1. Checking A:Met41 against (1) surrounded by 17 or more Cβ atoms within 10 Å (Cβ to Cβ); (2) more than 26 Å from B:Ile33 (Cβ to Cβ); (3) not small (Gly, Ala, Ser), which single condition isn't satisfied?
2. Evaluate the range B:25-39: report whether one residue or more is within 26 Å of B:Gly362 (Cβ to Cβ), more than 14 Å from every other protein chain (Cβ to nearest Cβ) and either within 20 Å of the chain's Cα centre (by Cα) or of a type outside the set (Ser, Thr, Tyr) (or both).
3. For the range B:166-180, check the following and say yes or no: at least one residue is small (Gly, Ala, Ser) and touching a residue at least 40 places away in the same chain (Cβ under 8 Å).
4. Across the range B:136-180, which residue is most open to solvent (accessible area, probe 1.4 Å) among those that are over 21 Å from B:Val40 (Cβ atoms) and of a type in the set (A, V, I, L, M)?
5. More than 20 Å from B:Ile98 (Cα to Cα) and not β-branched (Val, Ile, Thr): is that true of B:Ala203 in this structure?
6. Of all strands (runs of 3 or more DSSP E) completely enclosed by the range B:320-364, which ones contain at least 1 residues that are within 28 Å of B:Lys35 (Cα to Cα) and without any contact (Cβ under 8 Å) to a residue 40 or more places away in the chain?
7. If we keep just the residues of the range B:214-231 that are open to solvent by 10 Å² or more (accessible area, probe 1.4 Å) and closer than 14 Å to B:Gln147 by Cβ, which is nearest to the other protein chains (Cβ to nearest Cβ)?
8. Need pairs with beta-carbon distance below 6 Å; first residue among the small types (Gly, Ala, Ser) and within the range B:268-294, second open to solvent by 30 Å² or more (accessible area, probe 1.4 Å); sequence gap 6+ or separate chains.
Amino acid sequence: MSNIPENVRYTETHEWVRKDGDKYVIGLTDYAQHEMGEIVMAELPEVGAEATKGDAMGGLEAVKTAEDFYAPMDGEVVAVNEELEANPALINEDPFAGGWLFVIKVSDDSQFDGLLTAEEYKTHIGE
Amino acid sequence: MDKRTPLYEKHIALGATVQSFAGYLMPIKYGSIQKEHMAVRESVGAFDLTHMGEFRVTGPDSTAFLDKLLTNDAGVDNGKAYYSTMCYPDGGIVDDLIVYRIGDQEYLMVVNAANLDKDWAWVQSHLQGFDVKVINESDETALVAIQGPRAQEVCLKLTDIDLNAIGYYEHTTGKFANVDALIARTGYTGEDGFEIYMKYPDAEAVWDSVMEAGEEFGIVPVGLGARDTLRLEVGYPLYGNDIDHSTTPIEAKLGWVVKLKTEKPFIAREVLEQQKAEKPGRYLVGMKVTGKGFPRHGTPLFSGDRKVGIVTSGSIAPALGQAVCLGYVERGFQKRGNELEAEVRGKRIPLKIVKIPFYTEGSRK
């Protein structure tokens, strides 16, 4: 069973989103990191890049697979997790904390409420 | 409905991630692909390869039949094995396989699981005119591979057979873990090791004995994920990725398994002879990624603006800590040291053509 914390929201493309003041932290879910296996490279967006809901923001390379990750809301990238450059396996080891991917600032907070709840995400992945 | 190997329950108990592969539910990994990979490079790992197909060829014309069907020479001594391609008349590859010569009039062909039905039909369609019998033993034959520098030490604990007398690509039959088995010093990892063929009902006993005997060496079960990274690291082609009907053994640098130096006729001989003489338009090469990124199967390769090839396999090479690829490049661009670029997600990633194998420290004898 995957770890699906209640204090974050989710997307159908397996990102989690945590509200942090006026910003939103985004990462890959535990379910998705487990499905992908050991991540060996994270290609992150540029700080300042525009995020449009549903657009690919970067890519993750695992030993056997590669997957893009997507913007869960419209906004602007204000930070990326530089630690992942040297240690992309953080996404596997600590997906909801040390393995975060990027942070966005949004103009319209109501987008957050439209994301999946833990319960809905659980149903989405069939657990 | 996918088939299960006789070791399926073992894999589940070991926490394997199983996936459908070639009609079987196979263990892809038990935990970390890279750890499984490194266990085989540094000590020893055990693989369930029961999905592989086995055809037994017997009869007075066995050698002549295989010589016609396969590109490599069936005239090896009893107790030896050989690697070969099997080609269509146009030179494209039906499959690549290992053939064990059991006796004067008996061979065992071991084919890729994904090609089993196609191979069986191909073999059947060429029987006419040969006094041979071919039996498909795939559904009764289990295969456990023990691979790594400590593999022989593990196997010595399970048999009275003098394993030192079995050289690379040689085999014998006898008792292994108290069951009747074919014991071969073959593998797909670049390491020393054995492949043990047995009947389905004996597989669990062999697996348990191997895991127990290997405990002192830190043996780990290894899934198909690490099997793929292990073979790629030593540059072995994988059917369906690097070779298929659209590629020939000459292009794939498998000319060494095409018996053009003999007078023996075989399917595709003329086509391959001509291609070798005229040189193929492209070659399979090994590439090390010198930039940041992971080109995969299907990634295009460029020299400047010109598309000169395509990646057929790509992954991290765990023992080298960097990304490597196999791929086809146009003749003229295949030289070692030549620098190309792969295009991944619109970005150019530099890579350099290098000698295969990428990993050269393997314990293979």
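1. (2)
2. Our first condition is that a residue be within 26 Å of B:Gly362 (Cβ to Cβ); within the range B:25-39, this holds for B:26-39.
Applying the additional criterion that residues be more than 14 Å from every other protein chain (Cβ to nearest Cβ) yields B:39.
Going one step further and asking which of them are either within 20 Å of the chain's Cα centre (by Cα) or of a type outside the set (Ser, Thr, Tyr) (or both), we end up with B:39.
Taking every residue of the range B:25-39 in turn, at least one turns out to be within 26 Å of B:Gly362 (Cβ to Cβ), more than 14 Å from every other protein chain (Cβ to nearest Cβ) and either within 20 Å of the chain's Cα centre (by Cα) or of a type outside the set (Ser, Thr, Tyr) (or both).
3. Within the range B:166-180, one or more residues are small (Gly, Ala, Ser) and touching a residue at least 40 places away in the same chain (Cβ under 8 Å).
4. It comes out as B:Ala165.
5. Details: more than 20 Å from B:Ile98 (Cα to Cα): yes; not β-branched (Val, Ile, Thr): yes.
Yes: the conditions hold for B:Ala203.
6. Values: elements: B:322-330, B:339-344, B:347-354.
Filter on the range B:320-364 gives B:322-330.
7. This residue is B:Asp228.
8. If the second residue must be open to solvent by 30 Å² or more (accessible area, probe 1.4 Å), the pairs left are B:Ala268/B:Pro89; B:Gly281/B:Arg331; B:Gly286/B:Val354; B:Gly286/B:Ile356; B:Gly291/B:Pro350.
The values are calculated or read from the model by the stated rules, or taken from the named source; none is laboratory data. Computed from a predicted model, the values in this text were never measured in an experiment. Don't worry about glycine lacking a Cβ; one is built from the backbone with ideal geometry, like all the others, and counts go over all protein chains shown. Areas reflect the complete protein model, heavy atoms only, side chains present, ligands, DNA and RNA absent. Shrake-Rupley method; radii C 1.70, N 1.55, O 1.52, S 1.80 Å.
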